[in-house]
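Everything on this sheet refers to the single structure shown next.
Every read-out reported here was derived from the displayed coordinates using simple, explicitly stated rules and does not represent laboratory data. The structure displayed is predicted, hence computed values, not measured ones. Here the Cβ positions follow ideal geometry from the backbone for every residue, glycine too, while neighbour counts run over all protein chains shown.
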Amino acid sequence: MLIRLFIFLFLLSGITKAQVVSTNDSIKLLQKRILSIEIVNIGASMPYFGFGNHEKSMDGGFAIPGIKIDAGFNIQLYKHLGIKSQIMYQNNQIDEYKYKKDLIAEDPINSYTISSGGWNNTSLMIGAFGNFNLGKACHLQPYVLGGFNYGISPNVDLIVSDSLKMLSEIKQKRGNTIAFCYSVGMDLKADLENDFQFVVGVNFFYSALKFNKIRLENSYKNSVYDFQVYQPVQTFGLKIGVTKVLR
């Protein structure tokens, strides 16, 4: 009986010791800070909803898929939670063919020649991200970010020829504004050698731009107008890139 009691106490002390080590390891993981720099991510910026609308409505942006470049800095504070900051640039050109087609539908008597620039959006955001390990070498990181977006509207040059072959030129000058923005996304990171990671990710971006002064010049009427433009920017982004983990 005494031998059995000794064996029981020995096993109990071993289990207690293992639990303390496990608990300490868990606390150590929660207190560990992991810094990482997203060196560069390149991908596609695909407009949807109003921003990609190809009709001359109040929110029609006539934007087409473009390029997206971003970089950032991450601090993993806990095992499954950290702080994420990001700077992102997006460029989306205007669909000139559909813009012209829409003008012809309104006034088929005239003919139109159009040349334009694109929408440019540069945003600086900060927020939180989660970290969930998929095996030993892969990490899933969903995130939510908020910040400010600097938006630039495109130049649009339109030459109109009427039935009498009279030409007039209409120029819409670019404008700029700053508005709140947010981004919701998810990255999948795979560990490489020398503390580098390969990154693939998706995100949804939104910013409600309000341009207080967009100038319209009409050579035929010899007139100049300034007007407000409200343009929501909604994009779905894809990216690949490289991250460096700083230990």
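Order of 120-131, 211-222 by packing, highest average Cβ count within 10 Å first? Kindly include the intermediate steps, with their values, before the conclusion.
Numbers: 120-131: 18.6, 211-222: 13.3.
Going from most to least packed, we get 120-131, 211-222.
Starting from the Cα of residue 33, step 7 Å toward the Cβ, then list every residue of the stretch 63-95 with an amide N under 17 Å from that point.
The answer is 73-85.
Using a Cα-Cα cut-off of under 12 Å, which aspartates and glutamates could be cross-linked to residue 173, ignoring same-chain neighbours fewer than 8 residues away?
157, 217, 226
Ordered by residue, what ³J(HN,Hα) values in Hz, to whole numbers, does the stretch 113-118 give under the Karplus form 6.51 cos²θ - 1.76 cosθ + 1.60, where θ = phi - 60° and Gly and Pro are x?
Per-residue couplings from phi come out as 10, 10, 9, 8, x, x Hz.
Taking the highest mean first, how do the peptides 187-200, 233-246 order by number of other beta carbon atoms within 10 angstrom per residue?
233-246, 187-200
Beta carbons within 10 angstrom, averaged per residue: use that to sort the peptides 81-87, 149-155, highest first.
Going by the mean number of other Cβ atoms within 10 Å, highest first, we get 149-155, 81-87.
If you wrap a convex hull around the C-alpha atoms of the chain and split its volume per residue, what is the figure in Å³?
Per residue, the Cα convex hull of the chain comes to 140 Å³.
Compute the relative contact order of the chain as a whole-number percentage, counting only Cα pairs closer than 8 Å that sit 6 or more residues apart in sequence.
After rounding, I find 19 percent.
Past 31 Å, Cα to Cα, is the threshold; run 68/101; 171/239; 189/210 against it and keep the listed order.
Numbers: 68/101 28 Å; 171/239 35 Å; 189/210 36 Å.
With Cα atoms farther than 31 Å apart: 171/239; 189/210.
Restricting attention to the stretch 83-190, which GluC sites (Glu not before Pro) occupy a DSSP loop and are surrounded by at most 11 other Cβ atoms within 10 Å?
Those that pass, being in a loop and sparsely packed, number zero.
Once you put a point 7 Å from the Cα of residue 87 and another 7 Å from the Cα of residue 161, both along the Cβ direction, what distance in nm separates them?
4.6
What angle do you read, to the nearest 10 degrees and between 0 and 90, between the alpha-carbon axis of helix 2-31 and the longest principal axis of the chain?
20
Would you tally the net charge around residue 241, using a Cβ to Cβ cut-off of less than 13 Å, leaving residue 241 out, and scoring K and R as +1, D and E as -1?
+1
Where in the stretch 166-192 does the label zone of residue 217 land, with the point 7 angstrom along Cα→C-beta and an amide N cut-off under 12 Å?
From the stretch 166-192, the list is 169-174.
Report the full-extension gain for the segment residue 126 to residue 171: residue separation times 0.36 nm, less the Cα-Cα distance, to one decimal in nm.
Values: separation 45, 0.36 × 45 = 16.20 nm, distance 3.72 nm.
My answer for the length gained is 12.5 nm.
For helix 96-106, report the angle its Cα long axis makes with the longest principal axis of the Cα atoms of the chain; keep it between 0 and 90° and round to the nearest 10°.
50
How large are Rg and Dmax for the stretch 98-171 when only the alpha carbon atoms are used, in Å?
For the stretch 98-171, the Cα-based Rg and Dmax read 23.3, 73 Å.
Work out how much length residue 238 to residue 204 would gain on full extension: take 0.36 nm times their residue separation and subtract the Cα-Cα distance, in nm to one decimal.
11.3 nm
Find how much the distance from residue 73 to residue 138 grows on full extension, using 0.36 nm per residue of separation minus their present alpha carbon separation; answer in nm with one decimal. Spell out each step's value before the answer.
Details: separation 65, 0.36 × 65 = 23.40 nm, distance 1.87 nm.
Taking 0.36 nm per residue and subtracting the Cα distance, the gain is 21.5 nm.
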